[in-house]
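Asker: My questions all concern the structure below.
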Amino acid sequence: MNTQDMLVLKGIYLAPYMQLATMLIGKQRHAGGNMFRHQIDTMGILLDYGYIDSVLLKASVIHDVIEDIPDFNRNQILEIDSESGQVYDLVMEVTKQEGMLKSDYLKRIIEKGSHRAKVLKCADRISNMISLGFVTDPAFIERYCEETELYLFPIALEVNFEMYQELIQLVISRRQYLEDSGFLCRRVEPHGG
């Protein structure tokens with residue numbers, strides 16, 4: 001990270017967003033840990049890829065709050081700062097609406113998602129795929145790998161080729177785990193060139 005990027009990061013008002021994210025501390029994940037850590041991990045992945053967009057980073061810290069906290073008061077986001085409206089809109093873009101099929105949700109991001117939403121969804125999926133290393137349910141792993149191939153590969157290929165490559169490697173490693181464990185699965189075939 002260069003000095004200019006560091007100065008941009010220094011000026012980002014993240015603390016109130018992180019405080020909202022702490023509401024997810026008690027929410028357990030299938031792979032262990034809690035949803036708060038996943039929010040911070042997603043932000044870390046964005047930083048690792050060089051994203052310093054303040055709206056994107058703020059949204060990454062709270063991207064699951066509306067979906068995972070029953071009766072969450074959305075005004076808690078909208079009242080934070082001058083960017084909170086944009087942050088809220090981005091969080092809503094990556095929030096699966098109640099009753100919506102996961103496939104329809106992901107198709108919506110592919111077809112109508114903003115560039116920021118697609119980047120955030122890729123970072124979110126990278127975090128989720130890494131967490132699969134702690135999951136031992138083969139059906140869950142295979143479903144997640146298939147979903148990643150079908151929906152996330154095209155998004156990542158559009159917005160960030162390095163994220164696309166990481167997702168491919170994560171799918172390969174999870175499928176290798178399934179194969180080594182005696183579960184048959186098909187090999188990942190990267191999309192595009």
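Each reported figure results from applying straightforward, stated rules to the coordinates on display, with no laboratory input. Quick caveat: nothing in here was measured; it's all calculated off a predicted structure. Note: ideal-geometry Cβ built from the backbone for every residue, glycine included; neighbour counts use all protein chains shown.
Asker: If each DSSP helix of 4+ residues adds -39,500 (n - 2.57) and the sum is divided by the residues in the chain, what number results at 222 nm, nearest 500 deg cm²/dmol?
Answerer: -18500 deg cm²/dmol
Asker: Contour minus end-to-end for LEU9 and THR22, with contour as 0.36 nm per residue of separation and end-to-end as the Cα-Cα distance?
Answerer: Difference between extended and current length: 2.6 nm.
Asker: Relative contact order for segment 3-180 using alpha-carbon pairs under 8 Å, separation at least 6, rounded to a whole percent?
Answerer: Values: 184 pairs, mean separation 34.3, N = 178.
Answer for segment 3-180 is 19 percent.
Asker: Could you order the peptides 31-43, 55-67, 107-119, 3-15 from most to least packed, using the average number of other C-beta atoms within 10 Å per residue?
Answerer: Result, highest mean first: 55-67, 31-43, 107-119, 3-15.
Asker: Further question: Simple spin-label model, 7 Å along Cα-to-Cβ: GLU67 to ILE172 in nm?
Answerer: Here the modelled spin labels are 2.7 nm apart.
Asker: Still on this structure, please answer the following. GNM, the chain, Cα, under 10 Å: largest mean-square fluctuation among VAL87, VAL171, VAL159?
Answerer: Comparing VAL87, VAL171, VAL159 in a Gaussian network model of the chain, the most mobile one is VAL159.
Asker: Let me know the charge dipole size of the chain about its Cα centre in debye, to the nearest 20, where only the beta-carbon of Lys, Arg (+1) and Asp, Glu (-1) is charged.
Answerer: 120
Asker: For GLN86 and GLU147, FRET efficiency with R0 = 25 Å and r from the beta-carbon atoms, rounded to 0.05?
Answerer: 0.35
Asker: Next up: Residue farthest toward the positive end of the dipole of the chain, with Cβ of Lys/Arg at +1 and Asp/Glu at -1: which of MET43, LEU24, GLY99?
Answerer: With unit charges placed on the Cβ atoms, the residue in question is GLY99.
Asker: Here's something else I'd like to know. Can you find, among TYR13, GLY113, PHE140, the residue farthest towards the positive end of the dipole of the chain? Put +1 on the C-beta of Lys and Arg, -1 on that of Asp and Glu.
Answerer: Sorting the options by dipole projection puts first PHE140.
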